[in-house]
1. Using the Cα centre as the reference, give the magnitude of the dipole from point charges on the C-beta atoms of the chain (Lys, Arg: +1; Asp, Glu: -1; all else neutral), rounded to the nearest 20 debye.
2. For region 103-212, count the residues as N, evaluate 2.2 N^0.38 Å, and divide the Cα radius of gyration by that value, please.
3. Grab the Cα-Cα distance for Lys75 and Gln158, subtract it from 0.36 nm times how many residues apart they are, and report the gain in nm with one decimal.
4. In what order do Phe78, Phe184 fall by count of nearby beta-carbon atoms within 10 Å, going from fewest to most?
5. Among all the aspartates and glutamates, which ones have a C-alpha under 12 Å from Lys74's C-alpha, if same-chain residues fewer than 8 places away are not counted?
6. List Glu58, Glu39 from most exposed to least, where exposure is judged by having the fewest other Cβ atoms within 10 Å.
7. Looking at Ala68, Gly201, Val48, which one has the Cα that reaches farthest to the positive end of the dipole of the chain (charges on Cβ: Lys, Arg +1; Asp, Glu -1)?
8. Based on the Cβ-Cβ distance of Asp125 and Tyr46, what FRET efficiency does E = 1/(1 + (r/R0)^6) give at R0 = 22 Å, to the nearest 0.05?
Amino acid sequence: MTSAFPSVTVLDHPLVQHKLSLLRDRETSTNGFRRIAREMSLLMCYEVTRDLPLTMVEIETPLERMQAPQLLGKKLCFVPILRAGNGILDGMLDAVPVARVGHIGLYRDPQTLEPVEYYLKLPDDIQERLVIVVDPMLATGHSVAAAVARLKEAGAAQIRVVCLICAPEGLTTFTTEHPDVPVFTASIDRCLDDHGYIRPGLGDAGDRLYGTK
Ligand code: URA
């Protein structure tokens, strides 16, 4: 489903929407949250990779030879933004086990409120890969925008973003800075509140994934 933001796709598949409601529910346990986030990100990976090119190769079934479709060697790299991004990495890897994984760590400077990079590890051939940045919540949009800027600096030419939930304010920031980067999400929620939480949202994704407070 398209959205008010031309580069943003909202995944309205019933399974995605059902799982999102389970994640939002405050009664969902840490264990349940982790499992559902993994299931949901597998489904979201299915959509974000929908246009990967295929080629035909000859294979032999037990009965006959045939031309069969196979991925055209498009190499993928998932890049979770630490720490909550790790919670939707495993589902992505369930869908594409051969993908490489880079990591980026950012924290918010308490004075400037700007994201500061504290960790970056990417595959050497990042420029040849389709890079999929994963972070459960796109709130102000600053972290995801900074991560994408850093990946562009490192040579990544094809980048997509997967977030479970986005705030409209954050999408305005992100899509203004990176109009060339498609975003896939399960929901554009109502707003960002004064404490930086997405409303209605699901709370702090990192705390809910790891049982911290
Ligand atoms: N990060 C979260 O985990 N939750 C929010 O609501 C906003 C940012």
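Bear in mind that the values in this text are calculations on the coordinates, not laboratory data. Given the structure is predicted, the values throughout are model-derived calculations rather than measurements. A quick note on method: Cβ atoms are made from the backbone with ideal geometry, for glycine too, and the neighbour counts reach across all protein chains shown.
1. Result for the chain is approximately 360 debye, rounded to the nearest 20.
2. In units of the globular-protein estimate, region 103-212 measures up at 1.06.
3. Result for the pair: 28.8 nm of gain on full extension.
4. Fewest-to-most Cβ neighbours within 10 Å comes out as Phe184, Phe78.
5. Leaving aside aspartates and glutamates fewer than 8 places away in the same chain, those within reach of Lys74 are Asp51, Glu128.
6. So the residues, fewest neighbours to most, are Glu58, Glu39.
7. Ranked along the dipole, the leading option is Gly201.
8. Step by step, r from the Cβ atoms, then E = 0.35.
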